[in-house]
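Novice: Dropping the structure in here first, questions after.
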Amino acid sequence: MVALVSVLRHSAAQGGTPNLYIELEPLVVTAPRLKIPPTLLIDGRINAVLIDLLQNKANARPSALDLQDPSIQTLNSLASPAGFLLKTRYTELGFLLTEGLAGTSDLILREKIIGVARTGSNPQVRAAALMAVSYDRKPSDRGLFQEALLSQDITVRFGAVEALSNWGFPDAAVDIGNVARLDPSGPLRVYAAQALYRLGDAAGRDVLFRGADDGDWVVRAMSVRYLGQYGAASDYDKILFHLSNEQNNFVRSEMCGTLLKLAPLKKAAQ
């Protein structure tokens, strides 16, 4: 399952100075069903195909891409921002399944989605099903997301945090906060922390600040990125102070992007 968050890249060679900061658009699930009037019936053949795809993939082992496929080779060569999004869209079926299933009012289809979200052995498809369920905005689905947070698979847990963030009920902050504090995966803790902070809980900000000094460079990069997205003017000087000491080019690139985002806030605060 592809995380539905912005992905950052830079063009600096390892050991060199970052010379380009590009922020890609988020991978957004449009949930077209939510735009269909209740009086308009959806052709049953659409749901039949989606059910077939969902069930056939639910318990299949995640398969490696056929790198000899000319189309896959073309997608892999698309290094521009738009090309990266196209590559993700057509190499991760879970993303398309989420988009097609999200927000369904069909009780039979919803029951099958929940079954996959609860017991599917393919973590990518299970995460997609969790996200699809979250668009129903039903309070009773919280237990399903909580079950997924106990999974040993990080993809499933990540999908559960995404689903809780999208689900939108106040109780989501409690569950997301537990992940931000206790999950064994550093990147998942950071992702949960930004979701918590975005929901208005300052505890998420504390986790991000700790992450900015973490020994794992991915945790540092993610933390700095989210501080730039949700941070305050006072964060500018703290990040600038650490910039000269950071050795990882991805983290340095994130720091530069975050400083550019925070610069207007610092100027306004002066």
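Every number in this text was worked out from the coordinates using simple rules, so none of it is lab data. Predicted, not measured: the structure shown is a model, and the values here were computed from it. Cβ: placed from backbone, ideal geometry, glycine included. Neighbour counts: every protein chain shown.
Novice: Return the ratio Rg/(2.2 N^0.38 Å) for region 170-270, where Rg is computed over Cα atoms only.
Specialist: Numbers: Rg = 13.3 Å, N = 101, 2.2 N^0.38 = 12.7 Å.
So the Cα radius of gyration is 1.05 times the expected 2.2 N^0.38 Å.
Novice: Using alpha-carbon pairs under 8 Å, 6+ residues apart, how would you state the relative contact order of region 170-270 in percent? Walk me through the numbers before you get to the answer.
Specialist: Working: 126 pairs, mean separation 21.0, N = 101.
Relative CO of region 170-270 lands at 21 percent.
Novice: Under 14 Å between alpha carbons, and skipping anything fewer than 8 positions from LYS35 in its own chain: which aspartates and glutamates qualify?
Specialist: Excluding near neighbours in sequence, the set is GLU99, ASP136.
Novice: Next question. If I model a spin label as a point 7 Å beyond the Cα along the Cα-Cβ vector, how far apart are those points for ARG89 and GLN152 in nm?
Specialist: Placing both labels 7 Å beyond Cα along the Cβ direction yields 3.7 nm.
Novice: Could you list which residues have their amide H under 5 Å from that of ASP136, counting only those 5 or more apart in sequence or on another chain, with H placed in the peptide plane?
Specialist: Placed amide hydrogens put GLY103 under 5 Å from ASP136.
Novice: With +1 on each Lys and Arg Cβ and -1 on each Asp and Glu Cβ, and nothing else charged, work out how big the dipole of region 170-270 is about its Cα centre, in Debye to the nearest 20.
Specialist: Values: 12 positive and 12 negative charges, 75 e Å.
So the magnitude is around 360 debye.
Novice: Now, a different point. Please compute the Kirkwood hydrodynamic radius of region 41-140 from all pairs of different C-alpha atoms, in Å with one decimal.
Specialist: Mean inverse Cα-Cα distance, inverted, gives 14.5 Å.
Novice: Of the options GLN73, PRO139, ALA268, report the single residue whose Cα projects farthest towards the positive end of the charge dipole of the chain (beta-carbon charges: Lys, Arg +1; Asp, Glu -1).
Specialist: ALA268
Novice: If you take Rg/Rh (Cα atoms, Kirkwood Rh) from the coordinates, which of [x] 1.26; [y] 0.95; [z] 1.00 do you get?
Specialist: [z]
Novice: Which of PHE145, PHE95 comes first, and how do the rest follow, when ranked by fewest Cβ neighbours within 10 Å?
Specialist: If I rank by nearby Cβ atoms, fewest first, I get PHE95, PHE145.
Novice: Can you figure out the FRET efficiency of SER121 with GLN247, using R₀ = 41 Å and their beta-carbon distance, to the nearest 0.05?
Specialist: With R0 = 41 Å, the Cβ-Cβ based efficiency is 0.55.
Novice: I need the calculated FRET efficiency for the pair LYS35 and ARG137, taking r as the beta carbon distance and R₀ as 22 Å, to the nearest 0.05.
Specialist: Numbers: r = 15 Å, r/R0 = 0.68.
Efficiency computed from Cβ-Cβ geometry: 0.90.
Novice: Another question, then. At 0.36 nm per residue, and after removing the present C-alpha to C-alpha distance, how many nm does the segment from ALA269 to ALA202 gain when stretched out fully?
Specialist: 22.1 nm is the gain from fully extending ALA269 to ALA202.
Novice: Full-extension gain between VAL218 and SER77, please, as 0.36 nm times their residue separation minus the C-alpha to C-alpha distance.
Specialist: Full-extension gain reported as 48.3 nm.
Novice: With an 8 Å Cα cut-off and a minimum separation of 6 or more residues, compute the relative contact order for the chain in percent. Each step should come with its number before you reach the end.
Specialist: Working: 390 pairs, mean separation 41.2, N = 270.
It rounds to 15 percent for the chain.
Novice: What is the magnitude of the charge dipole of region 120-210 about its Cα centre, with +1 placed on the Cβ of each Lys and Arg, -1 on the Cβ of each Asp and Glu, and no other charges, expressed in debye to the nearest 20?
Specialist: With only Lys, Arg, Asp and Glu charged at Cβ, the dipole is about 160 debye.
Novice: In deg cm²/dmol and to the nearest 500, what is the mean residue ellipticity at 222 nm of the chain if only DSSP H runs of at least 4 residues count, each as -39500 (n - 2.57), divided by the residue total?
Specialist: -18500 deg cm²/dmol
Novice: Assigning unit charges at the beta carbon (Lys, Arg +1; Asp, Glu -1) and nothing else, what dipole magnitude in debye, to the nearest 20, does the chain show about its Cα centre?
Specialist: Approximately 280 debye in magnitude.
Novice: In the Gaussian network model of the chain, springs joining C-alpha atoms below 10 Å, which of LEU54, LEU208, LEU182 carries the largest mean-square fluctuation?
Specialist: LEU182
Novice: Among TRP167, VAL125, SER185, whose Cα sits farthest toward the positive end of the charge dipole of the chain (+1 at Cβ of Lys/Arg, -1 at Cβ of Asp/Glu, about the Cα centre)?
Specialist: TRP167
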